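Below: the structure, in structure tokens.
The values are calculated or read from the model by the stated rules, or taken from the named source; none is laboratory data. Here the structure is a predicted model, which means the values were calculated and not measured. As a convention, Cβ positions derive from the backbone with ideal geometry for all residues, glycine included, and neighbour counts pool all protein chains shown.
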Amino acid sequence: MSVIESKPLTPVDLLLLPNAKDFELVGGELVERHVSVLSSYVEARLVRRLDAHCEDGDLGPVFTATNGIQCFPDEPNKVRKPGVSFVKKARFAPQHLYEGYLTIAPDLAVEVVSPNDLGEELEQKIEDYLAAGIPLVWVVYPEVRTVSIHRGDGSVTKLRRHDELTGEDIIPGFRCKVAELFPTA
């Protein structure tokens, strides 16, 4: 019996996959991104609001989950795909548009939780984002209609339906009631 060993995948390998949008790359292995209709709906609502605000204020680009980030200093072959991300205009150079994956840490990363997401995998993503220097991480829980805010200083805040989500000092002026992210029915 022979064993075929496969070499770890690289970010370039991931880019070449026909279904690359469905996967992240961790430790040279493909990790499926879990999505649901509800999580996709919430991501779209958040992207619309953030993008409109950032475009009106000329604050910087907003990205969807199809964009990968490759900004992990200790793991150059890691690619994560937050549901939504934002980079301040002052940090975003035109050449970043032509990279396979964004090689600078976003200023905001958002994960919208799907029913198939595992708690330990979600916690690892949050830790990865914070370790990469992303100062603000939002974790949106559509099933319970809450948002957890994780900051680079280690603080965590939980918002409920009637609370207001703000961009803090990362996206000045952004405000949105948490309830506005979710379906009304």
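Structure data summary
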read-out: Criterion: at pLDDT 95 or above and acidic (Asp, Glu) - qualifying residue of GLU120, GLU127; value: GLU127
read-out: Filter result for the condition that a residue is in contact with a Phe, Trp or Tyr (Cβ under 9 Å, 6 or more places away or on another chain), of a type outside the set (Asp, Glu) and either exposed (fewer than 14 other Cβ atoms within 10 Å of the Cβ) or within 18 Å of PHE182 (Cβ to Cβ) (or both), over VAL87, VAL79, VAL37, VAL110; value: VAL110
read-out: Answer from GLY83, GLY68 - the residue that is touching a residue at least 12 places away in the same chain (Cβ under 8 Å), touching a Pro at 6+ places or on another chain (Cβ under 9 Å) and not aromatic (Phe, Trp, Tyr); value: GLY68
read-out: Contacts under 9 angstrom Cβ, first residue in the range 29-52 being among the polar types (S, T, N, Q), partner assigned to a loop (DSSP other than H, G, I, E, B) and surrounded by fewer than 18 Cβ atoms within 10 Å (Cβ to Cβ), 6 or more apart; value: SER36/PRO115; SER36/ASN116; SER39/PRO115
read-out: Filter pass, ALA105 being hydrophobic (A, V, I, L, M, F, W, C), within 22 Å of PRO11 (Cα to Cα), touching a residue at least 12 places away in the same chain (Cβ under 8 Å) and surrounded by 16 or more Cβ atoms within 10 Å (Cβ to Cβ); value: yes
read-out: Strands (runs of 3 or more DSSP E) fully within the range 25-93 counting 2 or more residues that are aliphatic (A, V, I, L, M) and at pLDDT below 95; value: 29-32
read-out: Cβ pairs under 8 Å, 6+ apart, first in the range 122-139 and over 17 Å from LEU25 (Cα atoms), second in a loop (DSSP other than H, G, I, E, B) and among the aliphatic types (A, V, I, L, M); value: GLY133/ALA105; ILE134/ALA105; PRO135/ILE170; LEU136/ILE170; VAL139/VAL113
read-out: Lone qualifier among PRO115, PRO183 - being part of a loop (DSSP other than H, G, I, E, B) and in contact with an Asp or Glu (Cβ under 8 Å, 6 or more places away or on another chain); value: PRO115
read-out: Residue satisfying condition, being more than 23 Å from HIS53 (Cα to Cα) and surrounded by 14 or more Cβ atoms within 10 Å (Cβ to Cβ), within set LEU122, LEU165, LEU118; value: LEU122
